[in-house]
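Computed from the coordinates by the stated procedures, all read-outs in this text should not be read as laboratory data. Remember, it's a predicted structure, so these values are computed and weren't measured experimentally. Neighbour counts are summed over all protein chains in view; Cβ atoms, including those assigned to glycine, are modelled from backbone coordinates with ideal geometry.
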Amino acid sequence: MTMARIVGIDLGTTNSLVAYMDKGTPRVIAGRNERNMVPSVVAMTDNGLIVGDPAKEHLTRNPARTVYSVKRFMGKSLEDVQGELTYFPYTLTEQGGVIRFKLGEKTYSPPQISAMILKELKHRAETHLGESITKAVITVPAYFNDSQRQATKDAGMIAGLEVLRIINEPTAASLAYGLQQKTQGTIAVYDLGGGTFDISILKLKNGIFEVLATNGDTHLGGDDFDRLIADLFLEEIRERHGLDLHAYPDHMQAVRLEAERTKIRLSDVLKTTATLDLPDGKGRFTRELTRDQIESMTMGLIERTLAPCRKALKDAELTPDRIDEVVLVGGSTRMPLVRQRVQELFGKIPHCELNPDEVVALGAAVQADILSGGTTDMLLLDVTPLSLGIETMGGVMSSVIRRNTTIPAGAKEMFTTYVDGQTGVDIHILQGERELAKDNRSLARFRLKVPPLPAGVPRIEVTFLIDANGILNVLAKDMRTGQSQSIEVKPSYGLSDSEVEQMIEDSFKFAADDVSARKLIEARLDAGAMITTTEKSLLDGGHLIASDNIATTRTALAALATAKDGTDPRAIRARMADLEQAAKPLTVALLNDSLTKGLQGKKVSEVT
Amino acid sequence: MARSMCWHCQSEMAGEYFCERCVKVQPVSKDLDYFTCMGFPRRLTIDPRQLETKFYELSRAFHPDFFQNKSAEEQTISLGNSAMLNTAYRTLRDPIQRAEYLLDLEAGAVKDIRTSPPADLFEEILKLQDTLDEYRAADRASSTATTLCAKLQAERTTLERRQQDMETALQQLFTQWDALQDRGEVTDQTRAERDRILKQMRGILSNRTYVKNIVNDLVATIS
């Protein structure tokens, strides 16, 4: 059985792409303008929201209402990005630990802005393929933490896409290379993009892509190179013309864009001239720059990528000479100095046969094809980039799942009480490599419900499960009663489920042609809730009904799950009705049971 | 080796991880140890290539990637089985973790092993701790520091040799364990032999961690 088409999406800091598998070959889908890349820019204009190339023009025209580099804000709080706020022309606020962009009257969270880019890609794929697209694989930097991954998944949902898998950018690139070259051996993927840096070390053997170690910096990329060059321009404009361009947001954007173009030109030529028009009739600023000059300016940034490379090698228990191939990914690897330093570190000439801007999207399409059952001989075994732990007494982090553990990964921890009659245990989940809890990323807090008993008697087993997306799931079980407990995990830096749902609703207000997709999403949400409830009922009341009733309920459950994966909201509603019918004996039995229990311990006189 | 009845079609299970009748994946039983799960006997010498081959084979069977089109139950089982397989592989791949796991299975409660200094090195380690403290307090440029540093370097060599000895001793115990298991007899004598090997292994493992921590501390201080 093959399912509806799944597309692969590279949601980048600077540019985004969508690709699909065309008879065994991954292809990037071009837009009407023949360009493969959609600039990751969203502008709020008087005529509504626009995305991509046309939005890019608004960067200088209307900087306060044009968002770029939104990826740098995914899964972050305002405090996290405090240091670089001056670089961005738009107004940021925070609500419930999540950043919001203020564009005109309304505010938008980073997942909402990302969703607009995703919708553009979705639309592009639908136009090209002539079918409705509802499922996607989306790539993220390997070093993204849980909140950043969750935010990306939320963005997909808001865009009306079911995100079947979040995969890491360097590993996606390795899939594209592996497919093309049938490589075997140990490879290092060096991925320097617009805003993030990743290094992944993989072992390729008989179609298995096993990640041995990964490392990186989610705040290091082409943007930072541009800033250094832009700062140079700004300084010289101040000296030469007595002008502080910080007061001119539109010119600040022009400086940033010219810095980026200058950097790009200097990857091909040794010398170039940057040109900028100045405000207030101050004429024009020109500056000649050589490749040597920008290399000495940006050397420090490039060196910063080498430490993670060494750490990854150490974690993989390998020395550089044990790496068979090195692959370059991301637009910033076009810089000659980057190539040179990578070559020096690993002692071999890096591969760059595939377009470094497109290889991640191509790999995402390969992974999409694996999930849809098309490609069956390849399998990616990725790892979790950061250690997962819990805060223990004294504010220390106790590691539960170590970094570079192959995912899916699970670990169990037993919890008990310290005080007689204590009814809850607070658990604080962290991610990071530091000793102290406060130095690591807070992922979530929750309260474990415990029956009131003498101290130390309750035994609650908590299972931490990192799924194939690198996203954490938590389950708790009372070992004395065997009862499972559903845990309401409040993310420290993320949108709550209801906020995401609200945003899904809002997103449809922007586009009237999405009514059917909306029906589908609602049907899926309802179906999901029904599946969860019924499964819980089976767990609680399975013993109360006949075994053929259980079997019928299970069959109806499975049918609903299959329908939920499909794209027909009517089919989902029909299967929901079937399940309701099938589960009736169970529902009735549970009702009777709770009624009987409620009556126990009451005198006959009270019952009447 | 899953449970005896298929969760889906309720038929008797003959297959290992998949029901032969309805071809549904079966949850790996919680009682199954990692050796059995990976198809290896409880031995301490394992060919890493064979282990990897088995890991890849089972990954292809269990990984959630291949269950996207399947029911929610099957997806849950696939996730659980994959997580369990990954833990099993990680544990068995590393000789020390493998030995600790086997100790846990055979003698129980390995987590409770306190790391302890080797009895004959106890005094020496106490002295070493003092030297370390002195060195940390000393002015790095002074001649005292130079003397202390040389002393610490010598200690480091001694301890690293000791680490080597422990690795060798462990390796011997591993071989002895495997030979005893291969013989397969159960007599009072083999039982006593078994207990001796496990006890010695536990001892070395606890000393090993202790010495390793000291050496790490030492290296970090003088580098």
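What the table shows:
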read-out	value
Set A:K76/A:K102; A:K23/A:K564; B:K151/B:K199 screened for pairs whose C-alpha atoms are more than 25 Å apart	A:K23/A:K564; B:K151/B:K199
Degrees between helix B:122-137 axis and first principal axis of chain B (Cα, 0 to 90, nearest 10)	70 degrees
Amide H partners (placed H, <5 Å) of A:L430, local residues excluded	A:G389, A:I390, A:E391, A:L443
Qualifying lysines (Cα of each under 18 Å from Cα of A:K119; at least 8 residues distant if same chain)	A:K56, A:K71, A:K135, A:K153, A:K509, A:K519
Fewest-first sequence of A:L192, A:L443, A:L539, B:L198 by Cβ atoms within 10 Å of each Cβ	A:L539, B:L198, A:L443, A:L192
Cα lying deepest toward the dipole's positive end in the stretch A:222-298, options A:A254, A:L276, A:L228, charges on Cβ	A:L276
Label-point separation, A:T290 to A:R227 (7 Å along Cα→Cβ), nm	2.8 nm
Dipole in debye (nearest 20) - the stretch A:284-433, about Cα centre, beta carbon charges: Lys, Arg +1; Asp, Glu -1	520 debye
Rounded to whole Hz, the Karplus (6.51, -1.76, 1.60) HN-Hα couplings of the stretch A:407-415, x for glycine and proline	9, x, 10, x, 8, 10, 10, 9, 10
Under 18 Å from the Cα of A:K449 - aspartates and glutamates, other chains or at least 8 residues apart	A:E391, A:E413, A:D420, A:D426, A:E461, A:D478, A:E488, A:D540
Exercise: per-residue mean of other protein chain Cβ atoms within 10 Å, A:407-418	3
Cysteines without a disulfide-compatible neighbour (Cβ-Cβ under 4.7 Å), the protein assembly as shown	A:C309, A:C352, B:C37, B:C149
Antiparallel DSSP beta bridges within chain A, percent to nearest 5	80 percent
Mean-position separation - Cα centroids, the stretch B:167-219 and the stretch A:53-101, in angstrom	59 Å
Sequence-distant residues sharing a close amide H with A:I167 (under 5 Å, placed H)	A:I138, A:T139, A:V140
Karplus-derived 3J(HN,Hα), 6.51/-1.76/1.60, for each residue of the stretch B:145-156, Hz, glycine and proline x	4, 4, 4, 4, 5, 4, 4, 5, 4, 5, 4, 4
Built amide H within the under 5 Å cut-off of A:V326, gap 5+	A:A188, A:H351
Rounded to the nearest 20 debye, dipole of the protein assembly as shown from Cβ charges on Lys, Arg, Asp, Glu	640 debye
Residues of type aspartates and glutamates that A:K106 reaches as a straight line, Cα spacing below 14 Å, ignoring anything fewer than 8 places off in the same chain	A:D46, A:E94, A:D506
Residue pairs, from the table A:K314/A:K348; B:K127/B:K212; A:K205/A:K412; A:K122/B:K70; A:K536/A:K584; A:K203/A:K348, whose Cα atoms sit over 20 Å apart	A:K205/A:K412; A:K122/B:K70
J(HN,Hα) series, the stretch A:45-60, from Karplus relation 6.51 cos²θ - 1.76 cosθ + 1.60, nearest Hz, glycine and proline x	10, 5, 9, x, 7, 10, 10, x, 3, x, 5, 4, 5, 7, 4, 8
Rounded, prolate or oblate (a/c below 1.5 giving rounded, otherwise prolate when a/b exceeds b/c) for the stretch B:1-93 by Cα gyration tensor	prolate
Calculated FRET efficiency for the pair A:S132/A:K271, C-beta based, R₀ 35 Å, to 0.05	0.10
Mean ellipticity per residue at 222 nm, deg cm²/dmol - from DSSP H runs of n ≥ 4 across the protein assembly as shown, formula -39500 (n - 2.57)	-15500 deg cm²/dmol
